[in-house]
Amino acid sequence: MRLKDKVAIVTGAASGMGASTAIIFANEGAKVIVADLAAAEGAAVADEITAAGGQARFLKLDVASEADWESAVAETISAFGQIDILINNAGVSGSHPDRLNINTWDEQMNINAKGVFLGMRAVIPTMQKAGRGSIVNISSISGFVGQAYVHMGYNAAKGAVRLATKAAAVQFAPDGIRVNSVHPGVMPPMKTSMMSADPDVRREMIAAIPAGREGRVEEVAYANLFLASDEASYITGIEVPVDGGYLAV
Ligand SMILES: NC(=O)c1ccc[n+]([C@@H]2O[C@H](COP(=O)([O-])OP(=O)(O)OC[C@H]3O[C@@H](n4cnc5c(N)ncnc54)[C@H](O)[C@@H]3O)[C@@H](O)[C@H]2O)c1
């Protein structure tokens, strides 16, 4: 078991890559906090883990709320005693057809960028006390390059996650805390996808991928697993694209 005796908080764990990560982590022995705004779907993921013999609890969390993060840390410690891993995965799509929309910029900064900062800010003191911890921040290929079908606020937010990860890695390495970013490529559409869920746009997106197909959620979850585990004990501040070669072209 690669995460035996570890406690992990996975945000956005009600759906997609977060749900896959939570399930795979539990299979590897972690006690998992399934954190999301979506209560019914999140509780279903926690139930699926428990039914399979794993340990999980659903926790309602808005990643953009400082108060929610404070209670998330308190509830995780009261349920499982410690916090070893944070997967900062929750997010909203930026494939908004109005690419100059101001509200989209604000939403992206608030959820996709500030939400990741608030998560790190909330768990780091507990990890410092323990002298260990692994944080994986989910960015995107959009944290490296622009795309025609993505609002620039998404790129800016995912770029912020990429660099904030490096800053946190440098600042908290002396405390035994590792911080890395994972950059999924073209994956199944997000719940909030607009342009990128359009079949014509998807055909164009897939044509740009050397591997010739979209990624599977578990392909990202396994990268998260490696970085979260002690197998990656000397790896911090790196960027891991999981993109079928998209960024290599
Ligand atoms: N799907 C893709 O093509 C793709 C590509 C690159 C990166 N990503 C990133 O991967 C991560 C996961 O995406 P996904 O494809 O699994 O999407 P998804 O829409 O299936 O899941 C995202 C989850 O985040 C939750 N969420 C949204 N806002 C929240 C908030 N404020 N607080 C708490 N939870 C919130 C949603 O309820 C949902 O369950 C996101 O950060 C996304 O930006 C996705």
Discussion item. Being without any contact (Cβ under 8 Å) to a residue 12 or more places away in the chain, among the charged types (D, E, K, R) and out of contact with any Gly (no Cβ under 9 Å at 6 or more places or on another chain) is true for just one of Lys129, Lys114. Which residue is that?
Written reply: Lys129
Fill in: Filtered residue count, the stretch 171-200, keeping only those that are free of Cβ contacts under 8 Å to residues at least 60 places away in the same chain and part of a strand (DSSP E or B)
4
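Starting from residues that are small (Gly, Ala, Ser) and more than 26 Å from Ser15 (Cβ to Cβ), keep the ones in the stretch 216-249 and report whichever is surrounded by the fewest Cβ atoms within 10 Å (Cβ to Cβ).
Selected residue: Ala248.
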Discussion item. Quick check on my filter: what residues within the stretch 30-66 are of a type in the set (Ser, Thr, Tyr) and either away from the ligand (no atom under 11 Å from the Cβ) or more than 21 Å from Ile124 (Cα to Cα) (or both)?
Written reply: Thr50
Item to complete: Within the stretch 131-141, track down each residue that is outside any loop (DSSP other than H, G, I, E, B) and within 19 Å of Val10 (Cα to Cα).
Response: Gly133, Ser134, Ile135, Val136, Asn137, Ile138
Item to complete: Find the residue count for the stretch 168-192, including only residues that are within 11 Å of the ligand (Cβ to nearest atom) and open to solvent by less than 20 Å² (accessible area, probe 1.4 Å).
Response: 7
Worksheet entry | Qualifying positions in the stretch 226-249 - under 19 Å from Asn88 (Cα atoms) and within 15 Å of the ligand (Cβ to nearest atom) | Leu227, Glu239, Val240, Pro241, Val242, Asp243
Discussion item. Condition (residue is touching a Lys or Arg at 6+ places or on another chain (Cβ under 9 Å) and more than 15 Å from the ligand (Cβ to nearest atom)) applied to the stretch 85-98: is it met by at least one residue?
Written reply: yes
Practice prompt. Consider Glu204 carefully, then state whether it is open to solvent by 20 Å² or more (accessible area, probe 1.4 Å) and under 14 Å from Thr21 (Cβ atoms).
Written response: no
Discussion item. If Ala223 satisfies all but one of (1) more than 20 Å from Gly91 (Cβ to Cβ); (2) out of contact with any helix residue (DSSP H, G or I) (no Cβ under 9 Å at 6 or more places or on another chain); (3) touching a residue at least 40 places away in the same chain (Cβ under 8 Å); (4) not basic (Lys, Arg), what's the number of the condition it fails?
Written reply: (1)
Response to the item:
Taking the stretch 124-147 and keeping residues open to solvent by 20 Å² or more (accessible area, probe 1.4 Å), over 17 Å from the mean Cα position of the chain (by Cα) and within 17 Å of Gly237 (Cβ to Cβ) leaves Arg132
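The values are calculated or read from the model by the stated rules, or taken from the named source; none is laboratory data. Because the structure is predicted, anything quoted here is derived from the model rather than measured. Counting neighbours? That spans all protein chains shown, and the Cβs are built from the backbone with ideal geometry, glycine included. Heavy atoms of the whole protein, side chains included, go into the accessibility calculation; ligands, DNA and RNA do not. Shrake-Rupley method; radii C 1.70, N 1.55, O 1.52, S 1.80 Å.
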